[in-house]
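Asker: One structure coming up, written as structure tokens, with questions to follow.
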Amino acid sequence: MRAILCKSFTGPVDLRVSEIDEPKPADDEILIEVHAASVSFMDQLLVSGLYQMRPPLPFVPGTEASGVVVAIGGKVTRFAPGDRVACSSWTGGYAERMIAKESKSVRLPDGVAFEAAATVLHNYGTAYYALVERARAQRGETVLITGAAGGVGLAAVDLGRHLGLRVIAGIGSDDKAALVRSYGASEVINYRSEDLRDRIKSITSGQGIDVGFDNIGGAILEQMARLMNWGGRLMPIGFTSGIIPSIPMNLPLLKNYAIIGVFVGAWAEKFSAEAARMNDTLMQLLADDRIRPHLDRILPLEEAAEAMRAVANRTVQGRIVLKIR
């Protein structure tokens, strides 16, 4: 079968379409004929050797996909051949067929397109786990979301609107402002050209933010640590700046706010039943048009490297999807 193969941790430049053997599902896995796969920042980090875990070489990238079940393992009970599904996995999505854990797969409601479904579990799963499970965000609270036009960020803006939050979207260029506003941001801050502290103080009348949802890390998270409201929740989601910040611990002490880690992949491994329920919830929200994944563009499998370069260069709004069938 055709697949994108990563043979060295040298980034997108060395990715090639190759012919490889079809994978075989273990007892707790399903084999999926892939129709669409999403391209994430995590995928780009994995092929560059910059993620916190390194798959054994060679491997097929692709952490999220959708398609049709063609075979099941001996202990699988929730799926059968012919089911339309979406799945998350550490690897394997950029291929004509992939395997995924039963616990990390979800059936697609009727009418949900494969392309949209392939962008939900990672983006909206991270946003849902952070805002609902970890922050316990309440209607009317103020949330600042950085990297708000990216895949996870835009999902958080969209979900924040659905939850009744006051969403402040942090972006790095003005051409992204219209998109985040259309997804529910009431205020937009360009932290490359505006003073983040002054704008947050002005927007919140000096109170600060209740929830900080940070995809960037570095100096941005360090500034957010000084902009929290009493009893707030500051959540590091990722470090796309490449810099892991240091935060003086007197800051959460003075405002009685919490710093809450968000690693949805590890949570899903440890609490698979809860993660499966969340995935069902997200797919129903998608089917009911209550969340709206944004597809930046749809490309063929052969252009996976180009898609990853666009993600790395931060020119993507929402998600790029590879259409495999």
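The values are calculated or read from the model by the stated rules, or taken from the named source; none is laboratory data. Note that the coordinates shown come from a computational prediction; the quantities given were computed from them, not determined experimentally. Note that each Cβ is placed from the backbone with ideal geometry, even for glycine, and that neighbours are counted across all protein chains shown.
Asker: Which ones in region 86-96 are crowded, with 23+ Cβ neighbours inside 10 Å and modelled with pLDDT of 95 or more?
Answerer: Within region 86-96, Ala86, Cys87, Gly92, Gly93, Tyr94, Ala95 qualify.
Asker: For the structure I just gave you, tell me whether Thr126 is in contact (Cβ under 8 Å) with a residue 40 or more places away in the chain, surrounded by 24 or more Cβ atoms within 10 Å (Cβ to Cβ) and either within 21 Å of Asp195 (Cα to Cα) or in contact with a Lys or Arg (Cβ under 8 Å, 6 or more places away or on another chain) (or both).
Answerer: No.
Asker: Right, something else. Looking only at region 35-75, which residues are within 15 Å of the chain's Cα centre (by Cα) and among the aliphatic types (A, V, I, L, M)?
Answerer: Residues satisfying the conditions are Ala37, Val39, Met42, Leu45, Leu46, Ala65.
Asker: In addition: Is it the case that Val39 is in contact with a helix residue (DSSP H, G or I) (Cβ under 9 Å, 6 or more places away or on another chain) and closer than 22 Å to Ala155 by Cα?
Answerer: Spelling it out, Val39 is indeed in contact with a helix residue (DSSP H, G or I) (Cβ under 9 Å, 6 or more places away or on another chain) and closer than 22 Å to Ala155 by Cα.
Asker: Go through (1) outside the structural domain of Ser103 (by TED's automatic domain parsing); (2) closer than 26 Å to Ile171 by Cβ one by one and return the number of the condition Val311 breaks.
Answerer: Of (1) outside the structural domain of Ser103 (by TED's automatic domain parsing); (2) closer than 26 Å to Ile171 by Cβ, only one is false for Val311: (1).
Asker: Among the residues of region 289-311, which ones are in contact (Cβ under 8 Å) with a residue 40 or more places away in the chain and closer than 30 Å to Leu163 by Cα?
Answerer: Once the filter is applied, which keeps residues that are in contact (Cβ under 8 Å) with a residue 40 or more places away in the chain and closer than 30 Å to Leu163 by Cα, region 289-311 yields Arg290, Ile291, Arg292, Pro293, His294, Leu295, Ile298, Val311.
Asker: Of (1) at pLDDT 95 or above; (2) over 19 Å from the mean Cα position of the chain (by Cα); (3) surrounded by fewer than 19 Cβ atoms within 10 Å (Cβ to Cβ), Val132 satisfies all except one. Which?
Answerer: So the condition that Val132 fails would be (2).
Asker: Assess whether Glu133 counts as being in contact with a helix residue (DSSP H, G or I) (Cβ under 8 Å, 6 or more places away or on another chain) and in a helix (DSSP H, G or I).
Answerer: Here the answer is yes, as Glu133 does meet what is asked.
Asker: Now for a different question. Tell me whether region 30-44 contains one or more residues that are more than 24 Å from Phe239 (Cα to Cα), in the same structural domain as Glu115 (by TED's automatic domain parsing), in a loop (DSSP other than H, G, I, E, B) and not hydrophobic (A, V, I, L, M, F, W, C).
Answerer: No, every residue in region 30-44 fails to be more than 24 Å from Phe239 (Cα to Cα), in the same structural domain as Glu115 (by TED's automatic domain parsing), in a loop (DSSP other than H, G, I, E, B) and not hydrophobic (A, V, I, L, M, F, W, C).
Asker: Might you check whether a residue that is of a type in the set (Lys, Arg) and touching a helix residue (DSSP H, G or I) at 6+ places or on another chain (Cβ under 9 Å) occurs anywhere in region 245-255?
Answerer: no
Listed here are the residues, each with its yes/no results for (1) at pLDDT 95 or above; (2) in contact with an Asp or Glu (Cβ under 9 Å, 6 or more places away or on another chain); (3) of a type in the set (D, E, K, R).
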| position | (1), (2), (3) |
| --- | --- |
| Leu159 | yes, no, no |
| Ala178 | yes, no, no |
| Ile216 | no, no, no |
| Ala268 | no, yes, no |
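Asker: Can you tell me how many residues within region 275-315 are among the acidic types (Asp, Glu) and either under 24 Å from Val106 (Cα atoms) or touching a Ser or Thr at 6+ places or on another chain (Cβ under 9 Å) (or both)?
Answerer: 4
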